[in-house]
Amino acid sequence: MKEPDIKNFKSEIKTILSNRIHDMYILIFKTFKFDVNLVSKYIQFCLKNQKLTTNYKIVLDGIMDSSHSDPEIYITGAQHAFNDCNDVESARRYISNGMKFHEDFKKLYIEDFWIEVKHLNQTGGSSLQTALNKYNCIIQHFKDDINLHFDLVDITLDNHIKMTQLQCIVIRDMVNQYRKNELMWQKLAKIHLKGFVYNYDTESLHKLENIKLNISIRNCINTYNEALTDGLPPENQQNLWDLFLDTIIDIYSSLDQDYKDNNVFVNKIIDVTFDKAFSINTMKQPRHFTFWAERRNNKAATVAILRKGLTISSDNAEMWLKLVQYYLGRDMFRNAMDVLTECVEIIKDKSLPLWISVELYALCSEREKVEEFYKESSIVVVNEVINLRFRPEYLEWRVLTYDIASGRKIFNVLKNLEPKSHELYKRMLQLETLSIISKGSKHIKYMRKLYSEACNLFGHMDVELWSDCIKFEYTYGLRSLVDVIFEAGVNLLENPSLKEELTKIKHELDEQHKQQEVINIEDDDE
């Protein structure tokens, strides 16, 4: 408070606090294991307070000279040294120290190479030999590691890196070393798609500026065609076809639809390539069959493509769905139903989405189609997932379309089918309740019998069913039967917690009934 110069006073406080925080970091480093996030925060703090924490470089060097179980610590230090301090020597030393303790940690080597590539970019190519030495050491240390080589390729082809001899060497080695690997050809094709051109004869790589998209696409496609004539082993060649078709689909999906010329060009490529793959039996993946089938305007061709795909992958639900949708889209309902009957035998429960699609179509059509669908799905099909799903829907449709009497007829058919349908009984009880016009004794007896059947079949695990049955007797039936139903429910329910729940519900319903009786008496008195 006695300091006359406020500015100097504030500066002194900042210095004291900064040094105190710095000392706390040092204390943490000495007391606990090193954590990469903590080291990163320490570096960020020191960057913001470089004038106040002048000795942090000594501390960081000490951290990087030590052994740490987490190799990411060395990468964090190296990135700071190079990116923030432009100190390539410290960055190299930090990475080198990390390699001493983690000699097989790939990310250290990748970061080491990335630093050299960025340094090469800064020096205008004068440090090429150093970068090449690092590169050669890496590919020797991790011999025949194609994915690591791809990482090195990505580094050299970074958009911010100028072209030098290094890119040519890395790509050349990739082509020569992995020529029999389909993944290499896919990688090279994607490189060409980015606007680069690799010359197989001169083993040189060039970056074409402002290259038109259709030229890049053509170069990409030519790469796959080159690979298919390169004598790959049969298995690799089949894998290459899969990658080739995937790449074409990706290109098609990413196209800007406003550029008509590019779309026309790509559509021609699709037609030629997919037609060839289909005709020579190298199309094997379900996604390729569905993509190719969707592009065919010819009925026979579309069905033939999907059918051929199903001979290879008969358990693929998506292809079955495409076939069903194809027929529905052309109002070929009977054909769609035949496909459902066929596929349910093969993909079983997975065919449910197909049945739902046809149900939606049928419900928008004439009654005869709906009836045909529900008979097939509810009665004919033996798959439980299918028939249990549609029996209640069939019942409800009959009631809503015709009347409750029609619903009772179909209910009597469906309830006798195995397995017994819990939901079918619940739906019938709901529909019967909605149909009560007066407390007619005949209707009440019918519903009481229905509740009795349902409770005997499913009452061992359904509290709600017993609750509804008690409510029914309170509202429409006999009060004297409530306690009988409750006792039966307590005896039949298997889970003790369900017994307790039913007891609680019964008590609440009794209270509600008593209150309602009081209200009714008061109304009568008035």
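Rundown of residues vs (1) among the basic types (Lys, Arg); (2) closer than 23 Å to Lys106 by Cβ, yes/no style:
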residue	(1), (2)
Ser126	no, no
Asn136	no, yes
Ile139	no, yes
Ile146	no, yes
Asp151	no, yes
Asp154	no, yes
Gln165	no, no
Ile169	no, yes
Arg172	yes, yes
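If a residue must be in contact with a helix residue (DSSP H, G or I) (Cβ under 6 Å, 6 or more places away or on another chain) and either open to solvent by less than 70 Å² (accessible area, probe 1.4 Å) or of a type in the set (Asp, Glu) (or both), how many such residues does the range 202-216 contain?
Narrowing the range 202-216 to residues in contact with a helix residue (DSSP H, G or I) (Cβ under 6 Å, 6 or more places away or on another chain): 203-205, 213-214, 216.
Subsequent filtering for residues that are either open to solvent by less than 70 Å² (accessible area, probe 1.4 Å) or of a type in the set (Asp, Glu) (or both) retains 203-205, 214, 216.
Residues in the range 202-216 being in contact with a helix residue (DSSP H, G or I) (Cβ under 6 Å, 6 or more places away or on another chain) and either open to solvent by less than 70 Å² (accessible area, probe 1.4 Å) or of a type in the set (Asp, Glu) (or both): 5 in total.
Looking only at the range 336-374, count how many residues are over 13 Å from Val324 (Cβ atoms) and polar (S, T, N, Q).
Total satisfying the criteria: 1.
Listed residues Leu128, Leu120, Leu38, Leu132; which is within 39 Å of the chain's Cα centre (by Cα), of a type in the set (A, V, I, L, M, F, W, C) and surrounded by 14 or more Cβ atoms within 10 Å (Cβ to Cβ)?
Details: Leu128 fails: within 39 Å of the chain's Cα centre (by Cα); Leu120 fails: within 39 Å of the chain's Cα centre (by Cα); Leu132 fails: within 39 Å of the chain's Cα centre (by Cα).
After ruling out the rest, the residue left standing is Leu38.
Does Tyr224 satisfy the criteria of being hydroxyl-bearing (Ser, Thr, Tyr) and open to solvent by 40 Å² or more (accessible area, probe 1.4 Å)?
Values: hydroxyl-bearing (Ser, Thr, Tyr): yes; open to solvent by 40 Å² or more (accessible area, probe 1.4 Å): no.
In short, no.
Looking at this structure, is Pro392 part of a loop (DSSP other than H, G, I, E, B) and either of a type outside the set (A, V, I, L, M) or more than 33 Å from the chain's Cα centre (by Cα) (or both)?
Working: part of a loop (DSSP other than H, G, I, E, B): no; either of a type outside the set (A, V, I, L, M) or more than 33 Å from the chain's Cα centre (by Cα) (or both): yes.
Spelling it out, it is not the case that Pro392 is part of a loop (DSSP other than H, G, I, E, B) and either of a type outside the set (A, V, I, L, M) or more than 33 Å from the chain's Cα centre (by Cα) (or both).
Which condition does Pro419 not pass, out of (1) closer than 28 Å to Glu318 by Cα; (2) within 36 Å of the chain's Cα centre (by Cα); (3) not hydroxyl-bearing (Ser, Thr, Tyr), if it passes all the others?
(1)
Within the range 77-113, which residues are under 21 Å from Lys143 (Cβ atoms) and assigned to a loop (DSSP other than H, G, I, E, B)?
Selection gives His102, Glu103, Asp104, Phe105.
Just one of Lys134, Lys162 is part of a helix (DSSP H, G or I) and of a type in the set (D, E, K, R); which is it?
None of the other options fit; the residue is Lys134.
Residues that are at negative phi, without any contact (Cβ under 8 Å) to a residue 24 or more places away in the chain and of a type outside the set (Lys, Arg): does the range 184-193 have at least one? Talk me through it step by step, then tell me what you get.
First pass over the range 184-193, keeping only residues at negative phi: 184-193.
Next cut, without any contact (Cβ under 8 Å) to a residue 24 or more places away in the chain only: none.
No; the residues of the range 184-193 include none that is at negative phi, without any contact (Cβ under 8 Å) to a residue 24 or more places away in the chain and of a type outside the set (Lys, Arg).
Check the range 396-415 and report whether any residue there is outside any helix (DSSP H, G or I), open to solvent by less than 50 Å² (accessible area, probe 1.4 Å) and modelled with pLDDT of 95 or more. Walk me through how you get there before you give the answer.
Taking the range 396-415 as the starting set, the residues that turn out to be outside any helix (DSSP H, G or I) are 402-403, 415.
Still in the running and open to solvent by less than 50 Å² (accessible area, probe 1.4 Å): 415.
Retained after the next criterion (residues that are modelled with pLDDT of 95 or more): 415.
Checked against the condition, which is being outside any helix (DSSP H, G or I), open to solvent by less than 50 Å² (accessible area, probe 1.4 Å) and modelled with pLDDT of 95 or more, the range 396-415 yields at least one hit.
Tell me which residues, restricted to the range 466-505, are within 44 Å of the chain's Cα centre (by Cα), within 23 Å of Ile436 (Cβ to Cβ), hydrophobic (A, V, I, L, M, F, W, C) and surrounded by fewer than 20 Cβ atoms within 10 Å (Cβ to Cβ).
Ile505
Considering every residue within the range 371-379, establish whether at least one is in contact (Cβ under 8 Å) with a residue 24 or more places away in the chain, open to solvent by 50 Å² or more (accessible area, probe 1.4 Å) and assigned to a helix (DSSP H, G or I).
yes
Could you list, ordered by first residue, the pairs with Cβ atoms under 9 Å in which the first is in the range 195-212 and under 19 Å from Lys162 (Cβ atoms) and the second is open to solvent by 90 Å² or more (accessible area, probe 1.4 Å), at least 6 apart or interchain?
Gly195/Glu209; Gly195/Asn210; Phe196/His206; Val197/His206; Tyr198/His206; Lys207/Lys194
Kindly provide the set of residues from the range 50-90 that are open to solvent by less than 40 Å² (accessible area, probe 1.4 Å), closer than 27 Å to Ile13 by Cβ and not hydrophobic (A, V, I, L, M, F, W, C), ordered by number.
Residues satisfying the conditions are Thr53, Tyr56.
For Ile386, all conditions in the list (1) more than 41 Å from the chain's Cα centre (by Cα); (2) among the β-branched types (Val, Ile, Thr); (3) closer than 14 Å to Leu424 by Cα hold save one; what is the number of the exception?
(1)
Tell me which residues, restricted to the range 276-304, are in a helix (DSSP H, G or I), of a type outside the set (Lys, Arg), in contact (Cβ under 8 Å) with a residue 12 or more places away in the chain and surrounded by fewer than 18 Cβ atoms within 10 Å (Cβ to Cβ). Let's see the steps before the verdict.
Going residue by residue through the range 276-304, those that are in a helix (DSSP H, G or I) are 276-279, 286-294, 299-304.
The next check asks that each one be of a type outside the set (Lys, Arg); those that pass are 277-279, 286, 288-294, 300-304.
So of that shortlist, the ones also in contact (Cβ under 8 Å) with a residue 12 or more places away in the chain come out as 277-278, 286, 288-294, 302-303.
Within the range 276-304, Glu294, Val303 meet the criteria.
List the residue pairs whose Cβ atoms are under 8 Å apart, where the first residue sits in the range 141-160 and is open to solvent by 20 Å² or more (accessible area, probe 1.4 Å), the second is at pLDDT below 95 and polar (S, T, N, Q), and the two are 6 or more positions apart or on different chains.
His160/Asn121
Failed condition for Leu395, given (1) in contact with a Gly (Cβ under 8 Å, 6 or more places away or on another chain); (2) at positive phi, with all others met?
Among (1) in contact with a Gly (Cβ under 8 Å, 6 or more places away or on another chain); (2) at positive phi, Leu395 violates only (2).
The values are calculated or read from the model by the stated rules, or taken from the named source; none is laboratory data. Keep in mind it's a predicted model, so treat the numbers as computed, not measured. All Cβ positions, glycine included, derive from the backbone under ideal geometry; neighbour counts span all protein chains shown. Calculation scope for accessible area: heavy atoms of the full protein, side chains included, ligands and nucleic acids excluded. Shrake-Rupley method; radii C 1.70, N 1.55, O 1.52, S 1.80 Å.
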